[in-house]
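**Student:** This is the structure, below, for whatever I ask next.
The values are calculated or read from the model by the stated rules, or taken from the named source; none is laboratory data. Quantities reported herein were computed from a predicted structural model and do not represent experimental measurements. Note: ideal-geometry Cβ built from the backbone for every residue, glycine included; neighbour counts use all protein chains shown. Surface areas here come from the heavy atoms of the whole protein model, side chains and all, with no ligands, DNA or RNA. Shrake-Rupley method; radii C 1.70, N 1.55, O 1.52, S 1.80 Å.
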Amino acid sequence: METLSQNIRYGLRMMLKKPGFTLISVLTLALGIGATTAIFTVVNAVLLRPLPYAEPERIMALSPARPGSSFQGVSEAKFVFWREHSQAFDGVAATQGIGSGVNLSGGNEPEFVSGVRVSADFFRVLGVHPAIGRDFTQEEDSPTGERVAILSDALWRSRFGADPALLGKTVAINGTDYTAIGVMPPSFRYGDRIDLLVPMRTNPASRDEGHNYTVLAQLKPGVTQAQARADLQLVFDRFKDAFPKMIWRQEEGIRVEPHLASLTAGVRPMLLIMFGAVGFVLLIACANVANLQLTQAAGRVSEMAVRQALGASWSRIVRQLLTEGVLLAFVGGLAGLLLAQSGVAALAAFIPSELIPRTVEIGFDWRVLAFALSASLLTGLIFALAPAVKAARVDVNHALKQGGKGAIGDDRGRMRSMLIVSEIALALVLLVGAGLLIRTFVSLRGVDPGFDPRNVLTFEVAPNGQQYNTTAKHLDYFERGLDRIKNIPGVQAAAVTSNLPLGRWLNLTVEVQGREDSQRSTEYRMITPEYFEVMLMAIRQGRAFSEADNAAGEPVAIVNETYARLVFKDADPLGQRVIVERSVPNSRPCQVVGVVSDLKQFGLNSPAPPAVFVPLAQVPDKILLVARQFVTMKFAIRTSVDPLSLSAAAKREMLNIEPSLPVTNMQSLEQIVSLSLAQDRFNTTLLGFFAGIGLLLAVIGIYGVMAYSVAQRTREIGIRIALGASSRDVLTLVLSQGLILAVIGVAIGLAGAFALTRLLSSLLFGVTPTDPLTFVATAVLLTGVALAACLVPARRAARVDPMVALRYE
């Protein structure tokens, strides 16, 4: 401890003795450690931090297992069967969103809140219970159960003023009275923000094949995930024997995975890639500081020689230098933590919360602090190791004779050159990755979405409850709304649709009459006649819908090009008849009267799905009432002015028609398209930022090495000039040295990038992970930048005065 104390005190004196070196090193380390800590804070919050439930490691997500599919939806029939026959769980629960939200009436203005249906075991599985009131009972979770509701703490406070007497009173939800029986604790979270919970009202006799449930289960104490999987395989086999027609094609069992892994499966690869990228930045920073340390150590040859001459062992000298390195790293780590704090705030604001779960939980905790401490310690050891090893190999006699001048080990800077090569290689890997993502983003921006998003205002309404229990009642409300909106100055056309592009979608089973082999899950869109005009979609064959199609008569439909190509192939689709959900009462065949151009639905990087459009007026009541559980109806308004400037007027007109129905998600169609690119924009910006930092550090590193090399070779350069070498010869000599380092680094970096960019394949579109153009352009760019960094030291060498150089040393 006494030796350690001496080493620390001496290290502090050395840092204060050379403030310039200390400042540059601390800033470099702060940049690397700060960026790494900021990304780890996100990784920790999303992937590592346990879910805020009792014993979260026992909570499993259950879903049908199919090779190559990550779909997690479960049908009501499967959920009931799994719950009744599994033996590995203390409880099995299901949840289902209430469409896009629910209407909460009362007060000055109706409020659109998010809600979820849950089965009675939901609270027991998660180990979370209302802070006030009680859970749902099994009787309430039945088809004939009493209508009750549990509120979130936030809704209870904002809407009802934290009234403790609210329990037992009725709350109007979608025009129906529910009895409030509980309030969840403030810390309760489940997925996105949840304001309201109502019973699932599970039907044990259900044979519904719609896979719309999310199923969670709590393992019994001592039961492993593998044992649960084996138990559920038996359950699957029994279900398959009992209901063979309800098994999907290629369905081979029941997937069992931790709820956290299931929740974050979609973002895990991207976050780990970003964490790896920022790790490269930290390694580049370490190489930079190691080079600075080697430069400093060259001036301490005499000190090390004297220490050894006085009896200091090599291990004692190594400990001293490692202590100095770790001390410097800790100071850089503290600065990095301060940088990370502001960086995390900026990062949290930039992260697309719609795509990445648990963003509200991003923040510092003991794991983040432990990571920053460990990163600082490891970083200090890494960059201090090289000068420590070199210092231990000092030739004492030679160093004392030279008076401490020259480089440690007299290896002509081979170690510094190796560090620079590694910096360039790491920077090139980052630049190639960023280049591929930039090309992906450019490719996505160039994709034709199949519609014109300019000057289109959109918003949502959700007519629910007994007041809107038929298609005719919905249509009456929408037609009154459209009439009012079309009279707003600046409105050119307006329509209502169940699905906007690049948003939620609704799939139903559609088949061609007389062709049982044509049955397929198809995108189903309910629209009013002007929808194609608003979206500026082209009718390829036949005709668009007209107001005449709203009248009672033969049902009609329009299919998109993808559906026509996949289903009708070479046959003429016009005049064919399609059946939507054959099992629905009063579902009549619809005659195909047109083929419309495709539009993107799942994303700009996904092909347009097969779709069938039907006039809203002709939708059977049963289909509309089921559909509104999953989607809300949207207004789309084409304008001749800035669409958002009409937001207030459109909202006012809608509330004048029906004050109890809130208007939500008021945004332009361009904003929806931009949101669809949020994930790719985030990936590109973040990796591009890290690549820029890596490039900057590599440039600074190569500049430093070349400048030091020129200073060390001043006498040699003076002799060359005195013997007749021209300035051009000297310039070429120095630049060639830098070029050799750059080429070696680029070659190694290209090999590394070729191997590692394959990890980006799931994030790419319109470009391959080994795209030659990106690789060549990045290599040329980095080589050019490296040469530019060598230019200043090279020109300085070319202007050396031989008389001054010969008197040097």
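**Student:** Looking at Val534, is it assigned to a strand (DSSP E or B) and crowded, with 21+ Cβ neighbours inside 10 Å?
**Tutor:** On the way: assigned to a strand (DSSP E or B): no; crowded, with 21+ Cβ neighbours inside 10 Å: yes.
Spelling it out, it is not the case that Val534 is assigned to a strand (DSSP E or B) and crowded, with 21+ Cβ neighbours inside 10 Å.
**Student:** Could you please let me know if Arg525 is of a type in the set (Lys, Arg), out of contact with any Cys (no Cβ under 9 Å at 6 or more places or on another chain) and open to solvent by 50 Å² or more (accessible area, probe 1.4 Å)? Explain how you work it out, then say what you get.
**Tutor:** Values: of a type in the set (Lys, Arg): yes; out of contact with any Cys (no Cβ under 9 Å at 6 or more places or on another chain): yes; open to solvent by 50 Å² or more (accessible area, probe 1.4 Å): no.
Criteria not met by Arg525.
**Student:** Next question. Between residues in the stretch 615-640 that are more than 19 Å from Asn550 (Cβ to Cβ) and residues that are among the hydroxyl-bearing types (Ser, Thr, Tyr) and open to solvent by less than 20 Å² (accessible area, probe 1.4 Å), which pairs lie under 7 Å by C-beta distance while being six or more apart or on different chains?
**Tutor:** Hits for this filter: Val631/Ser498.
**Student:** Here's another thing I want to ask about it. Checking the structure you have, find out if any residue of the stretch 507-520 is of a type in the set (S, T, N, Q), modelled with pLDDT under 85, in contact with a Ser or Thr (Cβ under 8 Å, 6 or more places away or on another chain) and closer than 30 Å to Leu669 by Cα. First the steps, then the outcome.
**Tutor:** Residues of the stretch 507-520 that are of a type in the set (S, T, N, Q), as a first pass: 507, 509, 513, 518-519.
Among the residues that remain, those that are also modelled with pLDDT under 85 are: 507, 509, 518-519.
This time we only want the ones that are in contact with a Ser or Thr (Cβ under 8 Å, 6 or more places away or on another chain), so: 507, 509, 519.
Now narrow it down to the ones that are closer than 30 Å to Leu669 by Cα: 507, 509.
Yes, some residue in the stretch 507-520 is of a type in the set (S, T, N, Q), modelled with pLDDT under 85, in contact with a Ser or Thr (Cβ under 8 Å, 6 or more places away or on another chain) and closer than 30 Å to Leu669 by Cα.
**Student:** Then there's this: So in the stretch 616-643, with the set limited to residues that are of a type in the set (Gly, Ala, Ser) and more than 31 Å from the chain's Cα centre (by Cα), which one is nearest to Ile488 (Cα to Cα)?
**Tutor:** Start the filter on the stretch 616-643 by keeping residues that are of a type in the set (Gly, Ala, Ser), which leaves 617, 627, 636, 640.
So of that shortlist, the ones also more than 31 Å from the chain's Cα centre (by Cα) come out as 617, 640.
Details: Ala617: 24, Ser640: 11 Å.
Here the answer is Ser640.
**Student:** Within the set of pairs 6+ apart or on separate chains, which have a first residue in the stretch 39-51 that is over 16 Å from Asn683 (Cβ atoms) and free of Cβ contacts under 8 Å to residues at least 40 places away in the same chain, a second that is of a type in the set (Ser, Thr, Tyr) and in a helix (DSSP H, G or I), and C-beta atoms under 9 Å apart?
**Tutor:** Listed by first residue and then by second, the contacts come to nothing, as the list is empty.
**Student:** Looking at Asp192, Asp141, which one is buried (at least 19 other Cβ atoms within 10 Å of the Cβ) and in a loop (DSSP other than H, G, I, E, B)?
**Tutor:** On the way: Asp192 fails: buried (at least 19 other Cβ atoms within 10 Å of the Cβ).
The match here is Asp141.
**Student:** Quick one: count up the residues across the stretch 248-265 that are open to solvent by 30 Å² or more (accessible area, probe 1.4 Å), at negative phi and in a loop (DSSP other than H, G, I, E, B).
**Tutor:** Final tally of qualifying residues: 4.
**Student:** For the stretch 1-100, which helices (runs of 4 or more DSSP H) that fit wholly inside it have 1 or more residues that are modelled with pLDDT under 90, open to solvent by 10 Å² or more (accessible area, probe 1.4 Å) and of a type in the set (S, T, N, Q)?
**Tutor:** 2-17, 19-43
**Student:** Somewhere in the stretch 628-639, is a residue in contact with an Asp or Glu (Cβ under 6 Å, 6 or more places away or on another chain) and β-branched (Val, Ile, Thr)?
**Tutor:** Initial filter on the stretch 628-639 (in contact with an Asp or Glu (Cβ under 6 Å, 6 or more places away or on another chain)): 632, 634.
If we keep only those that are β-branched (Val, Ile, Thr) too, we end up with 632.
So far as the stretch 628-639 goes, yes, one or more of its residues are in contact with an Asp or Glu (Cβ under 6 Å, 6 or more places away or on another chain) and β-branched (Val, Ile, Thr).
**Student:** Find the residue count for the stretch 473-508, including only residues that are part of a helix (DSSP H, G or I) and open to solvent by 70 Å² or more (accessible area, probe 1.4 Å). I'd like the intermediate steps shown before the answer.
**Tutor:** Of all residues in the stretch 473-508, those part of a helix (DSSP H, G or I) come to 473-486.
Then drop every residue that is not open to solvent by 70 Å² or more (accessible area, probe 1.4 Å), which leaves 473, 476, 479-480, 483-484, 486.
Result for the stretch 473-508: 7.
**Student:** Here is a further query. Do the conditions hold for Thr458, that is, is it open to solvent by 20 Å² or more (accessible area, probe 1.4 Å), at pLDDT 65 or above, hydroxyl-bearing (Ser, Thr, Tyr) and under 30 Å from Leu655 (Cα atoms)? Let's see the steps before the verdict.
**Tutor:** Numbers: open to solvent by 20 Å² or more (accessible area, probe 1.4 Å): no; at pLDDT 65 or above: yes; hydroxyl-bearing (Ser, Thr, Tyr): yes; under 30 Å from Leu655 (Cα atoms): yes.
No.
**Student:** For the stretch 681-703, does any single residue satisfy the condition of being charged (D, E, K, R) and under 30 Å from Gln293 (Cα atoms)?
**Tutor:** Residues of the stretch 681-703 charged (D, E, K, R): 681.
Adding the requirement that they be under 30 Å from Gln293 (Cα atoms) leaves none.
The answer is no; no qualifying residue exists.
**Student:** Could I ask something else about it? Any idea which residue in the stretch 144-166 is nearest to Pro186 (Cα to Cα), counting only those that are surrounded by fewer than 16 Cβ atoms within 10 Å (Cβ to Cβ) and of a type in the set (Lys, Arg)?
**Tutor:** It comes out as Arg157.
**Student:** If you go through the stretch 205-246 one residue at a time, how many are among the polar types (S, T, N, Q), farther than 14 Å from Pro64 by Cα, outside any loop (DSSP other than H, G, I, E, B) and open to solvent by 50 Å² or more (accessible area, probe 1.4 Å)? Even if it seems obvious, please write down each step before you answer.
**Tutor:** Taking the stretch 205-246 first, the residues among the polar types (S, T, N, Q) are 206, 212, 214, 218, 224-225, 227, 233.
Going one step further and asking which of them are farther than 14 Å from Pro64 by Cα, we end up with 206, 218, 224-225, 227.
In the following step, the residues that additionally are outside any loop (DSSP other than H, G, I, E, B) were identified as 218, 225, 227.
Filter once more, so that each one left must be open to solvent by 50 Å² or more (accessible area, probe 1.4 Å): 225, 227.
Residues that pass the stated criteria total 2.
**Student:** Quickly run through the stretch 177-191 and pick out the residues that are more than 19 Å from Gln96 (Cα to Cα) and at pLDDT below 85.
**Tutor:** Asp177
**Student:** Assuming Val223 fulfils every condition listed in (1) over 30 Å from Arg58 (Cβ atoms); (2) modelled with pLDDT of 85 or more; (3) hydrophobic (A, V, I, L, M, F, W, C) apart from one, which condition is it?
**Tutor:** (1)
**Student:** Follow-up. Considering only the stretch 266-290, how many residues are open to solvent by less than 20 Å² (accessible area, probe 1.4 Å) and part of a helix (DSSP H, G or I)?
**Tutor:** 13
**Student:** Being over 30 Å from Ala617 (Cα atoms) and charged (D, E, K, R) narrows it down to one of Arg480, Arg504, Arg439, so name that one. Full working, then the answer.
**Tutor:** Working: Arg480 fails: over 30 Å from Ala617 (Cα atoms); Arg504 fails: over 30 Å from Ala617 (Cα atoms).
Exactly one of Arg480, Arg504, Arg439 is over 30 Å from Ala617 (Cα atoms) and charged (D, E, K, R), namely Arg439.
**Student:** Which of the residues that make up the stretch 704-732 are under 13 Å from Ala797 (Cβ atoms) and open to solvent by 60 Å² or more (accessible area, probe 1.4 Å)?
**Tutor:** Step one: of the stretch 704-732, the residues under 13 Å from Ala797 (Cβ atoms) are 706-721, 725-732.
If the condition is that a residue be under 13 Å from Ala797 (Cβ atoms) and open to solvent by 60 Å² or more (accessible area, probe 1.4 Å), then Gln712, Arg715, Ile719, Arg720, Ser727, Arg728, Asp729, Thr732 are the ones that fit.
**Student:** Suppose we filter Leu787, Leu756, Leu735 for residues that are under 30 Å from Phe21 (Cα atoms), open to solvent by 50 Å² or more (accessible area, probe 1.4 Å) and in contact (Cβ under 8 Å) with a residue 24 or more places away in the chain; which single one remains? Let's see the steps before the verdict.
**Tutor:** Values: Leu756 fails: under 30 Å from Phe21 (Cα atoms); Leu735 fails: open to solvent by 50 Å² or more (accessible area, probe 1.4 Å).
Within the list Leu787, Leu756, Leu735, the selection yields Leu787.
**Student:** Go through (1) closer than 23 Å to Lys220 by Cα; (2) outside any helix (DSSP H, G or I); (3) among the β-branched types (Val, Ile, Thr) and name the single condition Val116 misses.
**Tutor:** Unmet condition: (1).
**Student:** It is to be established whether one or more residues within the stretch 623-634 are farther than 30 Å from Phe441 by Cβ, open to solvent by 10 Å² or more (accessible area, probe 1.4 Å), at pLDDT below 85 and in a helix (DSSP H, G or I).
**Tutor:** yes
**Student:** Any chance the stretch 431-451 includes a residue that's under 30 Å from Gly210 (Cα atoms) and open to solvent by less than 10 Å² (accessible area, probe 1.4 Å)?
**Tutor:** Scanning the stretch 431-451 turns up no residue that is under 30 Å from Gly210 (Cα atoms) and open to solvent by less than 10 Å² (accessible area, probe 1.4 Å).
**Student:** Could you run through the stretch 770-809 and say how many residues are at pLDDT below 85 and of a type in the set (Asp, Glu)?
**Tutor:** Summing the residues that are at pLDDT below 85 and of a type in the set (Asp, Glu) in the stretch 770-809 gives 2.
**Student:** Right, another one. What residue, among those in the stretch 537-572 that are buried (at least 16 other Cβ atoms within 10 Å of the Cβ) and touching a residue at least 60 places away in the same chain (Cβ under 8 Å), is nearest to the chain's Cα centre (by Cα)?
**Tutor:** Met537
The rows are residues; the columns are (1) open to solvent by 20 Å² or more (accessible area, probe 1.4 Å); (2) not in a helix (DSSP H, G or I).
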| residue | (1), (2) |
| --- | --- |
| Ser647 | yes, no |
| Lys651 | yes, no |
| Asn656 | yes, no |
| Gln667 | yes, yes |
| Val673 | yes, no |
| Gln679 | yes, no |
| Phe682 | no, no |
| Gly694 | no, no |
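**Student:** Failed condition for Thr202, given (1) touching a residue at least 24 places away in the same chain (Cβ under 8 Å); (2) open to solvent by 60 Å² or more (accessible area, probe 1.4 Å); (3) over 32 Å from the mean Cα position of the chain (by Cα), with all others met?
**Tutor:** Here Thr202 meets the rest and fails (2).
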